[in-house]
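Student: Encoded as structure tokens, here's the structure I'll be asking about.
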Amino acid sequence: MIRRLWGRLGLRARITGLYALGGLLLSLTIALSTLTLARQNLVEDREERAFSVAVRNAQRVENGLGAETEIEDVGVLLDNLTITEGSFPLLQVGDATRALDQAFDADAVPSSLRDLVQAGNAGRMRVRVNGRPLIVTGIPIPDTAAAYYEAAATDDVEDVLNTLGIIVLGVSAAATLLSAALGSWASRRALTPLGEVRLAAESLAAGELDTRLDPPADADLASLTASFNGMARSLEDRIERDARFASEVSHELRSPLMTLNASVEVLNNNRDSMTERNQTALDLLTDDVTRFTALVEDLLEISRYDVGTASLRAEPIDLVEFVRQSVDHSPYDVVIDVGALQHLVVAGDKRRLAQVVANLVDNAAKYGAGEIRVVVGHEDDFAIIAVEDEGPGVPEAERGVIFDRFSRGSVGGRRGHGTGSGLGLALVAEHVGLHGGDVWVDDRLDGSEGARFTVRIPIGDIPDDEEWA
Amino acid sequence: MGTRILTVEDDERIRTSVRLALEDEGWTVEEAASGEDALNAFTREAADVVLIDIMLPGIDGFDVCRAIRRASDVPIVMVTARADTHDVVAGLEAGADDYLTKPFAPKELSARIRALLRRARSADPGAPQMVFGDLEIIPEEGVVRLAGTDVHLTKTEFRLLVELATNPGRVLSREVLLERVWGYGYFGDGRLVDVHIRRLRTKIEPDPANPRYVVTIRGLGYKLQS
């Protein structure tokens, strides 16, 4: 159970915990031995002193005690003893006892000590009378069958020991906390390189394929860094090789496509002289050559992003006019809604934005239904172009993947094939991304049925007229 | 004699199929498989339009373009791999009048060629002579003079200058110039205008870096001022 909990803790928490535990054990050991030693020294010292005082006092009592001295007469004797504060003499003569203070009377003498003294031996014991710690020294005075007892209170020693105990425990606690802090700091320091690895891995995953770790100052980390960088390098090589492959294949396809297109056109110029069968075959050929050309053009376009050669050619574009022109060139009936906007000039790549609008309109025409509307607007520093249709919309589950290449949606069969190549919406996303904007699909804003594809691009700095040429 | 088109393309299959398609338009097509062949063929007999693929073994398309341009103001269409590279600007600066990217439809090529031929043959008979400071434009004769000296312009440059000159002091946007000179619509490539304006300036401006005739109006377009 503890093991499971421990395993579930993070590495940093565990290192911090271990440091704290170590600190606690170490400081407790030191504290306990300190306390024990202090107690021994203080108590023994006190016992020795009490004993020697008692021995001296017993000597005096013995000297003053005659054979016939009655217990009633010993008061004077006791009064003449050197009694420091906190020590209490008690004299026993025969069976009678005489104490100088109520705090220590015959009952307070432990019986084992009494037996020891009666047997003729001096002794001392630690006792607690009415909660007060005392050292009781007993010394036999054999000539007169008497015994002298003296109790010395040791509560001052106890007080000192208690105070010391509190201090030592406080120091232990502080040491434990300090250890924990040290552990936390050390683990953070130790894990800093891991944090860098994490950031680098995230950056790699985000497509920054040239991400590398700096060589560490610490030799222990060099192998981690080296293998990470090695992995990143081979990943980059591989992805670049794949991208180059796609790019090269599409480039290679252009020449045969040129021949195909030109030859099909020559055949079409003579279509009238063909038999009906040949005409049908030619139509099939023409359609597929056209589609194939579109696919290769899209592949070429998108492979520029993969190879990293896509660059934005920004020029000032008035989106209001731009959308009007786009719609005029569209093979579909499209309604424009620019609201009260007269002009909306953005820095954009006209060729790419034209493809964005054309592909979205194409997508709406193929997989939506009803009226297609293109809306132009702006929000803060962003321009908005939205394409709406009155079709079934796009299910939420597909909204994220619809911009993937060759994604196949369920609704409407194959929504997502903007240009019929399967790359239409993927190209839209790439083009919009190149402009520093984003594109998404959701429901129409007015609540009626239909999909709304929204493109949002920064208005950007309008470049100088000839700078972009 | 019919219209002669010289196509320079190293891929024999493309060359043949394009020839067939262009011949269907009623044009005479001469083929050249390399830059050297092209220059020889052009020296032997000038063409009305030249179509050059930029990617050629040996002398590349840019050099062929420059060599032909030095000798002639024949309209040149170049074929580039991609629209968004520097190839387009480099080709236009080498002297091409227009460009297409591979793969293109032959119909598109025919349309480009027709537009270029129209431009080459258009001399405005009734158009009056125009004078802007030292600059003299005689549309009827297709002649431009700067301080009395003839300036040699290509047909496209001349057409561009005349468009600006017939609207003196008015700003013409790239789109308008693209449409009137090249026959492109709104989505034509504005670099065609920019590069040709640049080349025009080097020929008619005393200081092309600080133009006094063909000025840029930021964000709007170009205008000719006297």
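No lab work stands behind these numbers, since they all come straight from the coordinates. In this text, all values refer to a predicted model and were calculated from it rather than measured experimentally. Cβ placement follows ideal geometry from the backbone for every residue including glycine, while neighbour counts extend to all protein chains displayed.
Student: Can you pull out the GluC sites (Glu not before Pro) in the range B:108-214 whose DSSP state is coil and whose Cβ has at most 15 other Cβ atoms within 10 Å?
Tutor: B:Glu140, B:Glu141
Student: List the pairs from B:Lys107/B:Lys223; B:Lys107/B:Lys203; A:Lys350/B:Lys223; B:Lys102/B:Lys203 whose alpha-carbon separation is above 30 Å, in the order I gave them.
Tutor: Beyond 30 Å between Cα atoms: B:Lys107/B:Lys223; B:Lys107/B:Lys203; B:Lys102/B:Lys203.
Student: Using Cα atoms only, what is the angle between the long axis of helix A:155-205 and the major principal axis of chain A, expressed in degrees (0 to 90) to the nearest 10?
Tutor: Here the helix axis deviates by roughly 10 degrees.
Student: Also, I was wondering about something else. Pairing the Cα long axis of helix B:190-204 with the longest principal axis of chain B, what angle in degrees results, from 0 to 90 and rounded to the nearest 10?
Tutor: With both axes taken from Cα atoms, the answer is about 60 degrees.
Student: Do any GluC sites (Glu not before Pro) in the range A:1-108 lie in a DSSP loop with no more than 13 other beta carbon atoms within 10 Å, and if so, which?
Tutor: Those satisfying the criteria are A:Glu68, A:Glu70, A:Glu85.
Student: Modelling each spin label as a point 7 Å along the Cα-to-Cβ direction, I'd like the A:Ala281/B:Val131 distance in nm, to one decimal.
Tutor: Using points 7 Å along Cα→Cβ, the separation is 7.0 nm.
Student: Please give me the summed charge of the neighbours of B:Ser72: other residues whose Cβ is under 14 Å from its Cβ, Lys and Arg +1, Asp and Glu -1.
Tutor: It works out to a net charge of +1.
Student: Within 10 Å of each Cβ of B:16-29, how many other protein chain Cβ atoms are there on average?
Tutor: Mean partner shielding for this stretch: 3.
Student: Further, regarding this structure: Taking R0 as 45 Å, what's the FRET efficiency between B:His152 and B:Ala111 from their Cβ-Cβ distance, rounded to 0.05?
Tutor: The formula returns an efficiency of 0.95 here.
Student: To test your reading of the geometry: what angle, between 0 and 90 degrees and rounded to tens, separates the Cα axis of helix B:106-121 from the longest principal axis of chain B?
Tutor: It is inclined by approximately 40 degrees.
Student: Next question, about the same structure. Pulled fully out, how much extra length does the chain show between A:Ala397 and A:Val171, if you take 0.36 nm times their separation in residues and subtract their Cα-Cα distance?
Tutor: Contour length minus the Cα-Cα distance gives 75.4 nm.
Student: Quick one: check the C-alpha center-to-center distance for the range A:240-319 versus the range B:22-88, whole angstrom.
Tutor: Result: 23 Å between the Cα centres.
Student: Could you list which residues have their amide H under 5 Å from that of B:Val151, counting only those 5 or more apart in sequence or on another chain, with H placed in the peptide plane?
Tutor: Answer set, sorted by chain and number: B:Val144, B:Arg145, B:Leu146.
Student: A further question follows. Grab the beta carbon distance between A:Asp328 and A:Glu208, set R0 = 56 Å, and tell me the FRET efficiency rounded to 0.05.
Tutor: Efficiency for this residue pair is about 0.85.
Student: Then there is this: Can you give me the long-range amide H partners of B:Asp98? Hydrogens built in the peptide plane at 1.01 Å from N, cutoff under 5 Å, separation of 5 or more residues or another chain.
Tutor: Answer set, sorted by chain and number: B:Ile76, B:Met78.
Student: Report the extension gain between A:Asp220 and A:Ile83 in nm, rounded to one decimal, defined as 0.36 nm multiplied by the number of residues separating them, less their alpha carbon distance.
Tutor: 42.1 nm
Student: Long-range amide H contacts for A:Ile141: which residues qualify at under 5 Å (H placed 1.01 Å from N, peptide plane, sequence gap of 5 or more or a different chain)?
Tutor: Here the answer is A:Ala146, A:Ala147, A:Tyr148, since their amide H atoms fall under 5 Å of that of A:Ile141.
Student: What FRET efficiency comes out for the pair B:Asp63/B:Arg145, r = Cβ-Cβ distance, R0 = 45 Å, nearest 0.05?
Tutor: Efficiency for this residue pair is about 0.90.
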